[in-house]
1. Report, ordered by the first and then the second residue, all pairs with beta carbons closer than 6 Å, sequence separation of six or more or different chains, a first member in the range 253-265 that is within 15 Å of Ala113 (Cα to Cα) and modelled with pLDDT of 95 or more, and a second member that is among the aromatic types (Phe, Trp, Tyr) and not in a loop (DSSP other than H, G, I, E, B).
2. Looking for whichever is crowded, with 19+ Cβ neighbours inside 10 Å, more than 22 Å from Ser146 (Cβ to Cβ) and within 16 Å of the ligand (Cβ to nearest atom) here; the options are Gly370, Gly357. Which one fits?
3. Restricting the search to the range 390-428, which residues are in a helix (DSSP H, G or I), within 13 Å of the ligand (Cβ to nearest atom) and small (Gly, Ala, Ser)?
4. Filter the range 54-78 down to the residues that are among the aromatic types (Phe, Trp, Tyr) and crowded, with 20+ Cβ neighbours inside 10 Å and list them by number.
5. For the range 301-318, which positions are outside any strand (DSSP E or B), out of contact with any Phe, Trp or Tyr (no Cβ under 6 Å at 6 or more places or on another chain) and surrounded by fewer than 22 Cβ atoms within 10 Å (Cβ to Cβ)?
6. Identify the single condition in (1) without any contact (Cβ under 8 Å) to a residue 40 or more places away in the chain; (2) assigned to a strand (DSSP E or B) that Ala184 does not satisfy, given that it satisfies every other one.
7. Looking at Val412, Val427, Val397, Val388 in this structure, which one is surrounded by fewer than 23 Cβ atoms within 10 Å (Cβ to Cβ) and either within 22 Å of the chain's Cα centre (by Cα) or without any contact (Cβ under 8 Å) to a residue 60 or more places away in the chain (or both)?
8. Please enumerate the residues belonging to the range 319-335 that are open to solvent by 10 Å² or more (accessible area, probe 1.4 Å) and touching a residue at least 24 places away in the same chain (Cβ under 8 Å).
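The values are calculated or read from the model by the stated rules, or taken from the named source; none is laboratory data. The structure presented is a predicted model; accordingly, all values stated were derived computationally and were not measured. So basically every Cβ, Gly included, is an ideal-geometry build from the backbone, and we count neighbours across all protein chains shown. Keep in mind that these areas ignore ligands, DNA and RNA; they rest on the heavy atoms of the full protein, side chains included. Shrake-Rupley method; radii C 1.70, N 1.55, O 1.52, S 1.80 Å.
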Amino acid sequence: MPATATRDSRSILVSKEKPSYGATEQRLGDGRSDLMPEVTKMKALACRECRKEYPTEALHVCELCFGPLEVKYNYDDIKGRISRDSIQNGPKSLWRYKELLPVASRPTIGLHAGMTPLVHAKNLGAFLGLDELYIKNDCVNHPTLSFKDRVVAVALTRARELGYETAACASTGNLANSVAAHAAQAGMQCYVFIPSDLEAAKVLGNLIFRPKVVEIEGNYDDVNRLCSEIAGERRWAFVNVNIRPYYAEGSKTLAFEVVEQLGWHAPDQVVVPMASGSLLTKIWKGLHELHTVGILQNVQTKVNGAQAEGCSPIATAFKHGRDFFQPVKPNTIAKSLAIGNPADGYYALKTAAESGGSMESVTDDEVREGIKLLARTEGIFAETAGGVTIGVLQKLVKQGAIRKQDVTVAYVTGNGLKTQEAVVDSVGRPFRIPPSLVKFEQMFGQQGAA
Ligand SMILES: *Cc1c(COP(=O)(O)O)cnc(C)c1O
């Protein structure tokens with residue numbers, strides 16, 4: 001495949017994109033028409049450091065100071081177009097929050113992502129001593145059973161708008177699964193890049209969708225570095241590299257949904273697993289956006305970050321009171337969170353501190369215990385990242401950082417069937433008997449040994 005110069009492709013994009021910014025009729029997912037010109041929604045991409053603004057194209061770093069770019073919106077315009085009612089009348093997916101998502105036209109990819117259950121976890125709450133514990137259960141997200149279905153729905157819808165035909169990503173596992181599935185459905189070419197030590201179900205969960213799966217002999221940080229280089233050569237939509245500003249916005253829907261599901265209240269505490277740290281920062285951004293557009297009265301949510309001890313650059317920095325982190329070489333069963341040099345680590349530290357929240361890390365044994373505790377109390381089988389969240393939740397309760405009456409939301413972001421290796425040796429074995437009633441009674445009868 002020929003390498004395309006990014007400069008050229010960018011100028012093509014600008015001309016291609018213009019028509020969609022006119023005052024053309026837009027149709028929402030539920031069939032209502034919306035005659036407002038979309039140009040008013042997204043204002044620009046802005047550098048998070050020096051605030052320099054760029055057009056809303058496939059750009060991700062500031063050319064002045066190399067800071068990351070972020071989508072900036074015209075909240076005054078959005079305010080007039082969004083309300084609790086308009087959201088509740090929207091589609092039963094994350095697209096009900098379309099006004100606060102960075103897409104210009106009608107969503108085309110990932111139409112069923114989001115709106116996962118918020119479970120009042122009374123059993124786990126009683127065990128931990130919490131009256132109002134909720135699990136946001138993204139183990140059952142559509143179509144690939146993790147939170148990544150949110151960010152991919154937004155990133156690839158935007159990538160399509162920008163004229164891309166090939167989807168790609170650097171992944172710790174779940175992202176690759178989601179990009180591969182969405183690309184298959186959308187008829188896009190697809191390349192996914194993963195470290196070579198992933199769980200079997202996450203590898204198979206790519207191959208089944210027939211993308212080009214490229215295993216890199218190295219860890220995620222090696223994968224990511226290579227993908228940045230490839231992104232400079234090929235005109236591909238790397239969802240978490242050149243499309244990253246749009247991708248990251250999809251995470252806000254985990255804040256929006258929780259607020260709506262709590263009856264339009266912000267939680268007192270959230271516990272969020274961190275890989276790059278992006279999800280944590282966007283939950284905070286989402287909560288404040290709801291306040292800015294007048295949907296939420298006030299936000300006093302404490303945002304707490306969770307990592308595995310074997311890869312805890314952000315949590316370790318936080319516990320040492322630093323606002324910068326030291327990159328590490330990951331060594332943990334929580335592979336989906338194993339990013340040693342987290343792109344949003346610095347902003348995650350700032351967010352937790354600003355919100356009055358905290359950060360903690362747990363050992364691999366505590367990750368396993370967390371998975372099993374959630375399963376036996378709430379009937380939810382989470383992957384290792386979920387074990388990290390539950391383990392850290394338990395620690396924060398013990399430390400008194402989360403109190404009995406706090407409305408607390410623990411984000412459980414991926415499905416346990418994808419990381420069976422983590423617990424297969426610690427869940428026991430089935431009882432095994434011949435097909436005989438006598439044998440059954442011997443094992444499970446009144447005087448039996450069961
Ligand atoms: C990717 C991922 C996260 C968080 O990722 P960030 O890079 O911090 O946004 C959390 N849980 C699971 C299961 C993931 O796959």
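1. So the pair list comes out as Thr253/Tyr97; Phe256/Tyr97.
2. Every option except Gly357 fails the conditions.
3. Residues satisfying the conditions are Gly416, Ala422.
4. At the first step, the residues of the range 54-78 found to be among the aromatic types (Phe, Trp, Tyr) are 54, 66, 73, 75.
Hit for the range 54-78 is Tyr73, nothing else.
5. Glu309, Gly310, Thr316
6. (2)
7. Result of the check over Val412, Val427, Val397, Val388: Val427.
8. Residues satisfying the conditions are Lys319, Arg322, Asp323, Phe324, Phe325, Pro327, Lys329, Pro330, Thr332, Ile333, Lys335.
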